[in-house]
Amino acid sequence: MSESILPDIDDVIHAPARLAIVATLNAVEEADFRYLLNATGLTKGNLSTHLSKLEEAGYVQIEKTFRGKMPLTLLRLTPQGRTAFEEYRRTMLRFFNQM
Amino acid sequence: MSSVIRSAEQRVQRYWTEDGIPDLFVGLFFVIYAALLWWDAHTDSGWVPIIRNTALVLGIVLGHFVVQALKARVTYPRTGYVKYRTPTRREIARGLVAGLGIGAALVLLMLAGLTVGGYAAGQIVFAFLGPLLFAGILGAMAYQQASGRYGVYAVLALIGGMLVNLASLQIAPTAARNAILNGAGVLTIVGVAMFAGGAWTLNRYLRTHPQTEEPPV
């Protein structure tokens, strides 16, 4: 396949597990780690690894806080993350429309 | 790709009703409000409309807080916490336009019934409007969440509500008939269905998501 027709895909978002994470976080203001575990079906280790990658890219903000005495990890997409996801969605739609 | 994104969005929307708690609260509220409508139709007391309207305002204002408090105790420790996005200005505008459009269409429908067929036809159209509105709202939620349960509520609202209202038109004008046509009939049907559906859903949710001693994440 010629390189010229390959879209400029954001590899950080494109991986299936990270796409599920970003798509879920895009639909909410914030969610906790437990919710993402249930929503994505990933293991704890797997989810942590993907969240670290998204945090390194500046797409996800991870906040460790407390609810009462219980530790709580809150996750939210950064403005950069939301923009990147919208751009990814548009790029993929353009790509499929050209096929 | 788009199905992954779409199903993630639907799953998030469905999470709000996944534990059945909103159904329980709304169902109970509808039944209580239907009872107040019935009471209002059968009494001359000036206090009843005040009580009814106060109950309506309290239900709307306090409902979200009550449901959130129950979720904080029951749902979030089991399957996690979500804070939903506030709608964007565009989404609010779209909702307002859709609401006004639907409202205008319903008013035109009623006026058409009254103009073409007279009072009797207008009453029949009015008997359809309440169930149609409920079915529309519940049907939209069913679509947004891909929820079969809300689809069932929508069908019950439409068919059950219309049958009850049309049956009430067969009896002579009485307080009971007025109460039913003012919404007591469809509210009772939808309220009972949602309360039962919510109870069944909560029972299933608690069985499939027992609270564990697992350390928090």
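Overview of results
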{"quantity": "Among the candidates B:92, B:32, B:60, B:51, residue that is at negative phi and surrounded by fewer than 11 Cβ atoms within 10 Å (Cβ to Cβ)", "calculated": "B:60"}
{"quantity": "Looking only at segment A:71-99, and only at residues there that are exposed (fewer than 11 other Cβ atoms within 10 Å of the Cβ) and over 22 Å from residue B:9 (Cβ atoms), the one that is nearest to the other protein chains (Cβ to nearest Cβ)", "calculated": "A:99"}
{"quantity": "Some residue of segment A:49-70 being part of a helix (DSSP H, G or I), within 11 Å of chain B (Cβ to nearest Cβ) and among the polar types (S, T, N, Q)", "calculated": "no"}
{"quantity": "Selection within segment A:30-45 - among the acidic types (Asp, Glu) and under 13 Å from the mean Cα position of the chain (by Cα)", "calculated": "A:30"}
{"quantity": "Pairs, first loosely packed, with under 13 Cβ neighbours inside 10 Å in segment B:161-183, second of a type in the set (Lys, Arg) and not in a loop (DSSP other than H, G, I, E, B), C-beta under 6 Å, six or more apart", "calculated": "B:171/B:177"}
{"quantity": "Filter result for residue B:88 (among the β-branched types (Val, Ile, Thr) and under 29 Å from residue B:162 (Cβ atoms))", "calculated": "no"}
{"quantity": "Unmet requirement for residue B:141, which otherwise passes all of (1) crowded, with 18+ Cβ neighbours inside 10 Å; (2) over 30 Å from residue B:80 (Cβ atoms)", "calculated": "(2)"}
{"quantity": "Subset tally (residues that are part of a loop (DSSP other than H, G, I, E, B) and small (Gly, Ala, Ser)) for segment B:147-184", "calculated": "2"}
{"quantity": "Enumeration of residues in segment B:112-138 that are in contact with a Gly (Cβ under 6 Å, 6 or more places away or on another chain), surrounded by fewer than 19 Cβ atoms within 10 Å (Cβ to Cβ) and over 21 Å from residue B:185 (Cα atoms)", "calculated": "B:114"}
{"quantity": "Close pairs (8 angstrom Cβ cut-off, 6 or more residues apart or separate chains): modelled with pLDDT of 85 or more in segment B:202-217, acidic (Asp, Glu) and part of a loop (DSSP other than H, G, I, E, B) anywhere", "calculated": "B:202/B:19; B:205/B:18; B:205/B:19"}
{"quantity": "Of all residues in segment B:1-29 being more than 14 Å from chain A (Cβ to nearest Cβ) and either aliphatic (A, V, I, L, M) or within 17 Å of residue A:23 (Cα to Cα) (or both), the one that is surrounded by the fewest Cβ atoms within 10 Å (Cβ to Cβ)", "calculated": "B:28"}
{"quantity": "Hey, residue B:211 within 14 Å of chain A (Cβ to nearest Cβ), surrounded by 19 or more Cβ atoms within 10 Å (Cβ to Cβ) and more than 12 Å from the chain's Cα centre (by Cα) or not", "calculated": "no"}
{"quantity": "Output for segment B:72-93, where each listed residue is among the aliphatic types (A, V, I, L, M) and part of a strand (DSSP E or B)", "calculated": "B:82"}
{"quantity": "Of residues in segment B:95-108 being over 21 Å from residue B:125 (Cβ atoms) and surrounded by fewer than 11 Cβ atoms within 10 Å (Cβ to Cβ), the one nearest to the chain's Cα centre (by Cα)", "calculated": "B:96"}
{"quantity": "Residue within segment A:25-45 that is at pLDDT 95 or above, more than 10 Å from chain B (Cβ to nearest Cβ) and buried (at least 17 other Cβ atoms within 10 Å of the Cβ) present", "calculated": "no"}
{"quantity": "Single residue of segment B:67-101 satisfying the filter (out of contact with any Phe, Trp or Tyr (no Cβ under 9 Å at 6 or more places or on another chain) and of a type in the set (S, T, N, Q)) that is nearest to the other protein chains (Cβ to nearest Cβ)", "calculated": "B:86"}
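The values are calculated or read from the model by the stated rules, or taken from the named source; none is laboratory data. It should be emphasised that the depicted structure is a prediction, and the values quoted were computed from it without experimental measurement. All Cβ positions, even for glycine, are placed from backbone atoms using ideal geometry, and neighbour counts span all protein chains on display.
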